[in-house]
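Trainee: Can you read through this structure? Questions will come right after.
Just so you know, all these numbers are worked out from the coordinates, no wet-lab data involved. This is a predicted model, so every value here is computed, not measured. Counting neighbours? That spans all protein chains shown, and the Cβs are built from the backbone with ideal geometry, glycine included.
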Amino acid sequence: MSAWLMSDREIIKNLEVANDRYLEYIGKLSKALSEMRFAYLNKDVENPHDFEKKALRLCEEMIGPFPDRYILQPENNATAK
């Protein structure tokens, strides 16, 4: 057997480590999604609460910052024709 081949035990250990990382990541995603749902259902556009800020921070930690070009502008800032 070549030296570069891993043993069955090494393969299993690597898979277990990867699985643990994925489970941790899924747990973080689930928590972030729960926080976002709660924040959305209880949003206060003019005065964001701490839980809304926390939800956004959790999501940014998981998927990165939201590009400004996708942020909707409030309707009351639209100019009348």
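Trainee: Between Ile63 and Glu10, how high is the FRET efficiency from 1/(1 + (r/R0)^6) when r is the Cβ-Cβ distance and R₀ = 35 Å? Nearest 0.05. Walk me through the numbers before you get to the answer.
Mentor: Details: r = 32 Å, r/R0 = 0.92.
Once the sixth-power term is evaluated, E becomes 0.65.
Trainee: What is the Cα radius of gyration of the range 8-65 over 2.2 N^0.38 Å, N being its residue count? Kindly include the intermediate steps, with their values, before the conclusion.
Mentor: Values: Rg = 16.3 Å, N = 58, 2.2 N^0.38 = 10.3 Å.
Working it through for the range 8-65, the quotient is 1.58.
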